[in-house]
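Have a look at the structure below, then the notes.
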Amino acid sequence: MDHFHTRATQLLKIRYPILQAGMSWASSSAALPAAVSNAGGLGVLAAGPLYVQDFCRVLDELRAATHQPYGVNIPLYRPQAAELLDAMHARRVPVVIASQGGPKAHLARFHDIGSVWIQVVSTLEHARKAQDAGVDAIVVVGTEAGGHPPGNEVSTMVTVRRVLQDISIPVIAGGGVADGWGIAALLALGAEAVQLGTRFLLTDEATVHAAYKDAVLAADVADTVLIGKRHGLPVRGLRNQFAEKIFEAEDQHLSDDAYDALFKSSTLKQAALEGNVDWGKVEAGQSAGLVHQIQPAAHVMHDLIHELDMATRRIHHMCRHPD
Ligand SMILES: Cc1cc2nc3c(=O)[nH]c(=O)nc-3n(C[C@H](O)[C@H](O)[C@H](O)COP(=O)(O)O)c2cc1C
């Protein structure tokens, strides 16, 4: 399969409707996004954990490593967001994928230079606001997703359909998808492209500690949990000592201050950079249980495209041979 045509592939100027999701640390270096973009998907650099100077260096490395479109994922709540956005604007980043903050203040100047603006939303209400603000597309994921899924625990299957009932701009869906069969399923639901995080976490190029990858690789589909539900902004990650401690704290109705202190005693950085998979936040989605090897990202892209092809042919075949 050479190309796949959807509104998202047209908008993003990519060959396949596949996005490598922005993942703090894991995709905060150039290698992973460059490999995905070079293979016909959209590689996404995660700016979240980077200081401006480091971000500029990594972004320049990415620009040197691919001539294909790529995206930058930026949390707008960050104190340095304005400087990060200036650096992105100066380098004419082709695709901005913004989360945790409103797009209105920035949209016009990025549209002026031809950038595509995609807003990450977690509810229908925010999807409507993003559409009204004039963004080009939205990303919607369900509770299966690694990282920060919506607090309402609604599945990808239901969330995506609900958003599609009311939204007309292209929807990029994800959460729980690790292979081409899942991509075909979300395209069939009405999504224009699919983003995969956990699958790309388990690649050679993802920049997290080997112990992190091994722990996620060993996990089955029921081995992740939502951690920190009491905050309303839970993290989906592997059930480890830290997660158990949080559940204990919830059972014991710990005070808000003590609960906050406990929650903050564990970070994604501890797991991703130091390899502390017992106490760090080992962010990963339910689809960890669907991945059985660590591969180069280009091989992952090859397999995803092949499976997507098989899945779509299977459905076509069923239509033509009803019995
Ligand atoms: C290790 C990890 C780090 C993540 N960091 C970010 C981030 O910095 N910004 C963001 O918008 N989403 C982040 N996410 C969420 C992903 O962008 C994506 O929505 C999610 O991984 C999709 O679900 P899946 O893991 O089931 O494929 C992260 C996810 C993981 C697994």
Practice problem: Would you mind computing, in nm to one decimal, how far apart the modelled labels at residue 13 and residue 257 are, each placed 7 Å from Cα along Cα→Cβ? | Solution: 5.5
Quiz item: Relative contact order for segment 34-155: what is it in percent, counting Cα pairs under 8 Å that are at least 6 residues apart?
Solution: 17
Quiz item: For segment 240-276 and segment 291-323, what is the separation of their Cα centres, given in Å?
Solution: 39
Quiz item: Using a basic spin-label model with each label point 7 Å from the Cα along Cα→Cβ, how many nm lie between residue 210 and residue 125?
Solution: 4.7
Quiz item: Within a Cβ distance under 14 Å of residue 297, other residues only, what is the Lys/Arg minus Asp/Glu net charge?
Solution: -1
Quiz prompt | Selected from 19, 238, 50 as most flexible by GNM, with the chain as the system and alpha-carbon contacts under 10 Å | solution = 50
Practice problem: State log₁₀ I(q)/I(0) for segment 210-286 at q = 0.13, 0.20 Å⁻¹ as given by the Debye formula over alpha-carbon point scatterers of equal weight, solvent excluded. | Solution: -0.35, -0.80
Exercise. Please build a GNM for the chain, connecting alpha carbons under 10 Å apart, and tell me which residue among 77, 16, 212 fluctuates the most.
Key: 77
Practice problem: Of the DSSP beta bridges with both residues in the chain, give the percent that are antiparallel, rounding to the nearest 5. | Solution: 15
Exercise. Take every Cα pair under 8 Å in the chain that's 6+ residues apart, average their separations, divide by the length, and report that relative contact order as a whole percent.
Key: 17
Quiz item: At 10 °C and 1.306 mPa s, what whole-number value in µm²/s does Stokes-Einstein give for the translational diffusion of the chain, with Rh from the Kirkwood sum over Cα pairs?
Solution: 80
Quiz item: Which of these, 109, 78, 239, has the largest mean-square fluctuation under a Gaussian network model of the chain (Cα springs below 10 Å)?
Solution: 109
Exercise. Take the alpha-carbon centre of segment 164-239, take the same for segment 56-103, and report the distance between them in whole Å.
Key: 22
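Where a number appears in this text, it was derived from the coordinates with a stated rule and is not lab data. If you're wondering where the values come from, they're calculated on a predicted model, not measured in any experiment. Neighbour counts are summed over all protein chains in view; Cβ atoms, including those assigned to glycine, are modelled from backbone coordinates with ideal geometry.
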